[in-house]
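J.: Have a look at the structure that comes next, please.
Please treat every number below as a calculation from the coordinates, not as lab data. Because the structure is a prediction, the values reported are computed rather than measured. For neighbour counting, all protein chains shown are included, and Cβ atoms are generated from backbone atoms with ideal geometry for every residue, glycine included.
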Amino acid sequence: MKNLFQVLSLFVLAAFALSSCTPAQQTDLSELNLIPIPCKIEAGNGYFEIDNQTKIILDNQNSELGEVAQMLIKHLCVATGFDFVIENKSARNSKNSILFQLNDDKELGREGYDIDVNPKQISINSNTPEGAFRAIQTLRQLLPAEIEKSEFVEKEWKVPSLSIRDYPRFEHRGAMLDVSRHFFGVEDVKRFIDFLAAYKMNKFHMHLSDDQGWRIEIKSWPKLTSIGGQTQVGGGYGGYYTQNEYTEIVNYAHKRYITLIPEIDMPGHTNAALASYPELNEDGIATELYTGTTVGFSTLATRKEITYKFVDDVIRELAELTPGPYIHIGGDESLVTEKDDYIYFIDRVQDIVLSYGKTMVGWDEIAHANLKPNAIAQFWAHKENAILAAEKKGKVIFSPAQNIYLDMKYDSTTQLGLSWAGYTEVMESYDWDPASLIPDFDESNIYGVESPLWSETIETMSDIEYMVFPRLPGIAEIAWSKPELRDWDTYKYRLSAHKDRFEAMNINYYNSPQIP
Ligand code: TNX
């Protein structure tokens with residue numbers, strides 16, 4: 001009996017050795033460093049290797065899916081040096097292929113996806129091209145970090161066998177860039193959008209106006225930019241986006257399934273407008289342009305009718321340029337606006353936003369106005385405002401300054417940034433959860449998570465990168481991943497592995513002592 005068993009096992013071993021020279025190894029899941037961490041990962045055996053023969057196959061005749069496949073090619077072709085061709089479904093079972101399929105799978109929702117990797121094929125299944133786009137970001141992270149280089153790299157491009165099922169926790173996952181305190185050109189903004197896309201964020205909030213600068217061309221009020229756009233913090237030339245440039249940014253974000261949320265901050269934070277048009281001031285006298293960093297000193301004249309003509313024109317032009325459903329009206333720190341004037345103003349502006357078919361978003365102070373259902377309050381400082389907004393049937397975006405303000409210094413030695421909300425090391429920005437931040441706040445009222453980068457001290461793309469990395473990936477994970485899968489002690493090792501990616505992307509990141 002024993003002999004027969006030995007003979008049989010020898011036979012099995014021999015057959016195995018003949019069929020493949022190197023037995024396929026099971027993927028070690030602890031070596032994956034995916035951020036945000038996916039809902040479910042199962043190990044497979046062996047790996048898929050992308051080479052010069054790898055085909056990309058679309059299982060559905062869907063031009064949008066084809067564009068997503070092109071985006072994948074863009075990510076792969078530079079470092080690998082391979083030419084990829086896209087084929088249609090007749091070839092769906094071919095080996096050495098990356099297959100995109102559209103399905104109907106309720107659990108995955110709009111943005112979810114499955115990725116299945118085996119030695120023959122990588123298949124990506126989703127309900128929408130958007131889900132396929134999110135999947136590509138995961139695939140990038142399954143490849144060696146050098147895939148992110150913008151030059152050819154001689155390398156074996158292996159993807160470990162596995163299957164992933166993944167979908168987001170929150171609808172709203174974003175970041176804000178303040179282009180008012182310091183202005184950033186279109187190319188910088190595109191790079192910022194690339195960062196969001198890489199970590200599956202889907203909202204890009206642009207803070208387009210403030211005391212120090214008006215940054216979007218408004219044709220019916222041209223002095224907003226010819227006067228109000230000229231300077232910035234510290235003095236010197238600021239700048240602004242023409243409507244065409246703004247559209248270029250909208251489209252760039254849209255191709256990456258990121259919705260642009262434009263903000264015109266009102267009725268405070270309006271000195272640039274007040275300096276451009278005297279009639280917007282209570283006393284009818286234009287203010288001086290402002291290049292300092294104090295907040296809370298300016299207000300539109302909330303009881304003058306011309307103010308509402310101004311707001312209507314601005315929101316009309318902005319709404320026409322903005323395909324996404326949101327207009328952000330600011331509403332924060334209106335410290336020199338009387339409370340009843342403030343409420344009167346927000347109520348009227350809300351009606352203007354609604355009249356152009358958009359959803360109003362505002363900083364948490366707008367909760368004091370008569371919010372209509374579906375208004376969105378962005379909680380940054382005042383928990384009681386978040387609660388009030390939810391009571392008024394508004395949704396709440398979580399941007400708690402103490403946790404995720406990207407302009408807060410990491411520690412006392414950080415040169416850039418501010419510290420009014422405290423220092424925010426990488427752990428502090430990661431190790432919290434929106435559902436437990438405000439006692440008794442119902443998670444169903446949380447629309448999502450967004451981290452703002454204010455730019456009083458931020459002047460260059462390299463400054464942006466330093467404050468954003470490595471905090472942004474963790475914030476993206478808070479917004480995307482299941483809370484029970486998140487934990488700092490394992491996250492810090494995953495994040496550590498991303499340093500190679502930051503370097504491959506030439507990102508000027510902060511090398512935190514908290515990251516091994
Ligand atoms: C508070 S957050 C502000 C901004 C500043 C920021 C600096 C918010 C809604 N208002 O005006 O730039 O602090 O951290």
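J.: In nm, give the distance between the simple-model label positions of residue 61 and residue 83, each being 7 Å from the Cα along the Cα-to-Cβ direction.
T.: The modelled label-to-label distance comes out at 2.7 nm.
J.: Now, a different point. Which whole-Hz ³J(HN,Hα) couplings does segment 398-408 yield from phi under the Karplus relation 6.51 cos²θ - 1.76 cosθ + 1.60, θ = phi - 60°, glycine and proline marked x?
T.: Once θ is set to phi - 60°, the couplings for segment 398-408 become 9, 9, x, 4, 5, 9, 10, 7, 6, 8, 6 Hz.
J.: Where the only charges are on Cβ atoms (+1 Lys, Arg; -1 Asp, Glu), what is the dipole of the chain about its Cα centre, to the nearest 20 debye?
T.: About 1640 debye.
J.: Tally Lys and Arg at +1 and Asp and Glu at -1 over the other residues with C-beta under 12 Å from the C-beta of residue 303: what net charge comes out?
T.: -3
J.: Hey, another quick one. Compute the FRET efficiency between residue 244 and residue 411 as 1/(1 + (r/R0)^6), taking r as their Cβ-Cβ distance and R0 = 30 Å, and round to the nearest 0.05.
T.: Once the sixth-power term is evaluated, E becomes 0.10.
J.: R0 = 25 Å: FRET efficiency of residue 482 with residue 372, Cβ-based, nearest 0.05?
T.: FRET efficiency, residue 482 to residue 372: 0.20.
J.: Could you check the spin-label model distance between residue 219 and residue 309? Points 7 Å from the Cα along Cα→Cβ, value in nm.
T.: 1.9
J.: Once the piece of chain linking residue 194 and residue 391 is laid out straight, how much longer is it, given 0.36 nm per residue of separation minus the C-alpha distance between them?
T.: 67.3 nm
J.: Next question, about the same structure. May I ask you to compute the full-extension gain from residue 384 to residue 294, defined as 0.36 nm times their residue separation minus their alpha-carbon distance, rounded to one decimal in nm?
T.: The residue 384-residue 294 span can extend by a further 29.9 nm.
J.: Using 1/(1 + (r/R0)^6) with R0 = 56 angstrom and r between the beta carbons of residue 279 and residue 155, what's the FRET efficiency to the nearest 0.05?
T.: That gives a FRET efficiency of 0.35.
J.: In nm, what is the difference between 0.36 nm times the number of residues separating residue 96 and residue 348 and their Cα-Cα distance?
T.: Taking 0.36 nm per residue and subtracting the Cα distance, the gain is 84.8 nm.
J.: Applying a 10 Å radius around every beta-carbon, put 70-80, 262-272, 356-366 in order of their mean neighbour count, most first.
T.: 262-272, 356-366, 70-80
J.: As an exercise, find the ratio Rg/Rh for the chain from alpha-carbon atoms, using the Kirkwood inverse-distance average for Rh.
T.: Here the Rg-to-Rh quotient is 1.04.
J.: Take each complete run of DSSP H in the chain, measure how far its Cα atoms stretch along the helix's own axis, and keep only those covering 15 Å or more with mean Kyte-Doolittle hydropathy at least 0.5; list them.
T.: Span-like helices here: 2-19, 63-80, 186-198.
J.: Same structure again: Summing +1 for each Lys or Arg and -1 for each Asp or Glu, what net charge is found among the other residues whose Cβ lies under 11 Å from the Cβ of residue 116?
T.: Overall, the nearby charge balance is 0.
J.: Report, by chain and number, residues whose modeled amide H sits under 5 Å from the one on residue 418, excluding near sequence neighbours (fewer than 5 apart, same chain).
T.: Under 5 Å from the amide H of residue 418 lie the amide H atoms of 408, 409, each far enough along the sequence or on another chain.
J.: Moving on to the next point. What order, most packed first, do the peptides 288-300, 466-478, 430-442 have when packing is the mean number of other Cβ atoms within 10 Å of each residue?
T.: 466-478, 288-300, 430-442
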